[in-house]
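A.B. asks: Below are the structure tokens for one structure; questions will follow.
The values are calculated or read from the model by the stated rules, or taken from the named source; none is laboratory data. What you see is a predicted model, and the numbers here were worked out from it, not measured in a lab. Here the Cβ positions follow ideal geometry from the backbone for every residue, glycine too, while neighbour counts run over all protein chains shown. Keep in mind that these areas ignore ligands, DNA and RNA; they rest on the heavy atoms of the full protein, side chains included. Shrake-Rupley method; radii C 1.70, N 1.55, O 1.52, S 1.80 Å.
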Amino acid sequence: MNDNEFTFQNLFGEHTKEDGTKFTISQIEIPIIQRDYAQGRQNVAVKRVRERFLDNIHNSIKEHRHLTLDFVYGEVGAKGKFTPLDGQQRLTTLFLLHWYAAKKEDISDAECHFLGNFSYYTRPSSADFCNKLTAFKPSFAGLVSNEIKDQPWFQYQWSNDPTISGMLVMIDAIHERFKDVSGLWQALVVEKLVSFNFLDINDMGLTDDLYIKMNSRGKPLTAFEHFKAEFESLVEKVDPEIANEFSHKFDLDWADLLFPYRGENNIVDDEFMRYFFFVSDLLCYQQDMPLEKDEFILAKTLYGPGNPKAVDNLRFLKNAFDCWCGFDIAGFFGRHFSNNQYQSGKTKIFQDDPDIFKQCCDNYGAYADSVNRNRKFPLNMTLLLYAVMVYRQNEQAIPENDFQRRIRIVRNLIWNSRNEIRADAQRMTALLAETRDIILTGAIPEKGAYNQKQREEERAKLDWLAQNPQHEDELFHLEDHPLLYGCIAAVGLDHPDNFPKFRSLFNNCDWKLISRALLTIGDYSQRLDWRWQLGTKNDSTWRDLFQREGFENTKATLNGLLDKLSVIDNDSLEGIIDAFLDDAATPKTWRYYFVKYPIMLSDTYGMYYSYDDGPYHTLKMNTSERLSGRHWNVFTLALHDTLEQKFGLGEYGDRLHLSENIELQYYNDKITIFKTDEEGNEISRHEYPIEQDENGYDTKDRICQGIEIVKQIIPK
């Protein structure tokens, strides 16, 4: 053991510092500012921590292997009283373990007298319990806790003290784990197999900030200290030299790395584990291994001696952490990425904070909700952070300008491969490999794991920019538009003059006006199986229309409108719409009605269903995929709106109720009036044909015809 390494037993006594001065620890007292003893709590998380901690000690003793626990910090005060500031939980458990070994093996009072020098000051009851416990010897015939509680000195109200109840739980757990272990006292006190590092803060000129930093891995109930001990034990069996290096990095380099990302509780354990899982999941994907949520099993599987790739995996893990050390991480992401605004020379990632390393440390492995299981750090961010990590590890070989172009390509591929990015090992392995190759070489493969259309677009952009470098900034500005997410196929490379026009149109104009103006140019709708879609006030519908495959009509219509616009504002769109409607030559197709009667345009998903009897028999859906939800016949809806809603209209494709027993409904080539009795049974119907030309287009506005019919049936 080194000079700062102690066992629980030899911490008591006189010690010599490096400068030759001496100090004595005669008593350990848990101060009132500390929380209660927590490792004996009965919830699942603590039970797991408790079992792991005891397992580590048990295995080290059984294998006669030295185990070093984490640091214990505190202040040595007057008369040798040591007040721990970090390490309370470990010290309490070691106290109970030594008490158990002493009583079970009949160790003399002289040998175990130091146990009486450990106490709690958090509550008088806790201090009294420690004193009584030290003098008590159980029979170990059954549950030790029951035997303790049966003693006359055990006060009933002590059961309400969380420290005492936690100690009783731990004593039972120790008995269960060590009841068959012989020579426990010998292993702990003589062989000194279990130790910890000790630091007296009086020797460190400790500032508040330094104390917070030292204590930043001391989260209550964290499994980190147990994980670290087990992990280092695994690595020791693989390569002792690597184990020593990892031990140093855990306590210094990586603690410094993550310190700026600590939470409000000033600890970094959770942040470390989240990034550890991120890196380990990358290895699992690359090696076709199932993801593992238990960090202990994961460590053993990936980095333990049973894995023939353990050394390579450890190097991968080390490099994944080291590439961020001593580096301005936030500054790097701020230099290369923008949030929700376009910035020349940066790649937009469509979120407020461009520091995705921080997001990984904050959110990796967590879900936004338990129902939909939406990842807080989704797979697209996993791929993007991996791309940056590859660059950081190969920065000397990749010029910064090349990285900026390559990361934009990767961003475009990621954001436009929603169907290709899936959490299965085979798919993610291919995606990670393709990402790495693009960052390292800049070459985009003809075939790969990302979306084929987007890959072709990215290759075309590279060729096009080689011939048209003057349009680079406008192209990147267009890519970063929130409706495109890197896919500019709806505008196309053959219309560079429309790059800024597109941005101006969708940034400054009313989207319902845009939809109506587009319909004056052509049919920009897209069919999805049995339904079809138009743009709405929701950005998701436009994004689908511009990014979905099969948007040739959308592209032609969009560029037709952009070519037509010289001034881009709502007045210009209104002028195009008015000219379309005022032109006597404009055929009264379904598009004419959607332009003239805005009520037909959806405010939600933009989905419609048309019956087989023609384009005029159309339902406006209020859901994205089902007709069972609210829906309306678009022409009945427009008539109802034009009549200023004087008559009743239901929400499930219902007819227009003109009176208690008269109803109206539109069909493709007719308007039908229904008469019903008092019980709603149909008595008669009368059909009014809608005149149509040889192309099947209306020759008269069917909404105006409907108004005339209503006036005849329901006079003022």
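A.B. asks: Can you spot a residue in the stretch 626-646 that is of a type in the set (S, T, Y) and at pLDDT below 95?
C.D. replies: Filtering the stretch 626-646 down to residues of a type in the set (S, T, Y) leaves 628, 636, 642.
If we keep only those that are at pLDDT below 95 as well, we get 628.
Within the stretch 626-646 (the criterion being of a type in the set (S, T, Y) and at pLDDT below 95), the answer is yes, since at least one residue qualifies.
A.B. asks: Tell me whether the stretch 250-270 contains one or more residues that are modelled with pLDDT of 90 or more, among the charged types (D, E, K, R), within 30 Å of R427 (Cα to Cα) and surrounded by 17 or more Cβ atoms within 10 Å (Cβ to Cβ).
C.D. replies: No, the conditions are met nowhere in the stretch 250-270.
A.B. asks: Return yes or no: is H481 at pLDDT 95 or above and under 27 Å from the mean Cα position of the chain (by Cα)? Walk me through it before giving the result.
C.D. replies: On the way: at pLDDT 95 or above: yes; under 27 Å from the mean Cα position of the chain (by Cα): yes.
So H481 passes the test.
A.B. asks: Taking E111 as the residue in question, decide whether it is of a type in the set (D, E, K, R), at pLDDT 85 or above, surrounded by fewer than 22 Cβ atoms within 10 Å (Cβ to Cβ) and in a strand (DSSP E or B).
C.D. replies: So E111 does not fit the description; no.
A.B. asks: How about the stretch 29-54: which of its residues are assigned to a helix (DSSP H, G or I) and either under 32 Å from the mean Cα position of the chain (by Cα) or aromatic (F, W, Y) (or both)?
C.D. replies: V44, A45, V46, K47, R48, V49, R50, E51, R52, F53
A.B. asks: What is the residue count in the stretch 482-523 for residues that are closer than 21 Å to N339 by Cβ, free of Cβ contacts under 8 Å to residues at least 60 places away in the same chain and not basic (K, R)?
C.D. replies: So the answer is 3.
A.B. asks: Taking the stretch 639-679 as the search range and keeping residues that are within 22 Å of G614 (Cβ to Cβ) and in contact (Cβ under 8 Å) with a residue 60 or more places away in the chain, which one is least open to solvent (accessible area, probe 1.4 Å)?
C.D. replies: Out of the qualifying residues, it is L639.
A.B. asks: Going through the stretch 5-28 one residue at a time, which ones are touching a residue at least 24 places away in the same chain (Cβ under 8 Å) and part of a loop (DSSP other than H, G, I, E, B)?
C.D. replies: T7, F8, Q9, N10, L11, F12, K17, S26
A.B. asks: Separate question: So G492 clears everything in (1) within 30 Å of D463 (Cβ to Cβ); (2) in a loop (DSSP other than H, G, I, E, B); (3) open to solvent by 20 Å² or more (accessible area, probe 1.4 Å) except one condition, right? Which one?
C.D. replies: (3)
A.B. asks: Any residue at all in the stretch 61-71 that is among the hydrophobic types (A, V, I, L, M, F, W, C), open to solvent by less than 50 Å² (accessible area, probe 1.4 Å), assigned to a helix (DSSP H, G or I) and touching a residue at least 40 places away in the same chain (Cβ under 8 Å)?
C.D. replies: Yes, that holds for at least one residue.
A.B. asks: So is K213 at pLDDT below 95, open to solvent by 20 Å² or more (accessible area, probe 1.4 Å), in contact with a Phe, Trp or Tyr (Cβ under 9 Å, 6 or more places away or on another chain) and within 30 Å of S139 (Cβ to Cβ) or not? If you could, list the steps in order and put the result at the bottom.
C.D. replies: Numbers: at pLDDT below 95: yes; open to solvent by 20 Å² or more (accessible area, probe 1.4 Å): yes; in contact with a Phe, Trp or Tyr (Cβ under 9 Å, 6 or more places away or on another chain): yes; within 30 Å of S139 (Cβ to Cβ): no.
Here the answer is no, as K213 does not meet what is asked.
A.B. asks: Only one of E18, E14, E51 is at pLDDT below 80, open to solvent by 50 Å² or more (accessible area, probe 1.4 Å) and of a type in the set (D, E, K, R). Can you tell me which?
C.D. replies: E18
A.B. asks: Could you check, for the stretch 232-244, whether at least one of its residues is within 28 Å of the chain's Cα centre (by Cα) and either under 24 Å from Q89 (Cβ atoms) or basic (K, R) (or both)?
C.D. replies: Checked the stretch 232-244: no residue is within 28 Å of the chain's Cα centre (by Cα) and either under 24 Å from Q89 (Cβ atoms) or basic (K, R) (or both).
A.B. asks: Let me ask you something else. Of all residues in the stretch 283-310, count the ones that are more than 16 Å from S233 (Cβ to Cβ), part of a helix (DSSP H, G or I) and touching a residue at least 60 places away in the same chain (Cβ under 8 Å).
C.D. replies: Our first condition is that a residue be more than 16 Å from S233 (Cβ to Cβ); within the stretch 283-310, this holds for 283-294, 308-309.
Keeping just the survivors that are part of a helix (DSSP H, G or I) gives 283-286.
Then keep just the ones that are touching a residue at least 60 places away in the same chain (Cβ under 8 Å); that gives 284-286.
Number satisfying all stated conditions: 3.
A.B. asks: Moving to a separate point now. Quick check on my filter: what residues within the stretch 421-474 are surrounded by fewer than 20 Cβ atoms within 10 Å (Cβ to Cβ) and outside any helix (DSSP H, G or I)?
C.D. replies: Result: R422, A423, D424, G442, A443, P445, E446, K447, G448, N468.
A.B. asks: Give L133, L143 a once-over and let me know the one that is among the aliphatic types (A, V, I, L, M) and open to solvent by less than 60 Å² (accessible area, probe 1.4 Å).
C.D. replies: The conditions single out L133.
A.B. asks: Can you find a residue in the stretch 88-100 that is over 44 Å from the mean Cα position of the chain (by Cα) and surrounded by 21 or more Cβ atoms within 10 Å (Cβ to Cβ)?
C.D. replies: Checked the stretch 88-100: at least one residue is over 44 Å from the mean Cα position of the chain (by Cα) and surrounded by 21 or more Cβ atoms within 10 Å (Cβ to Cβ).
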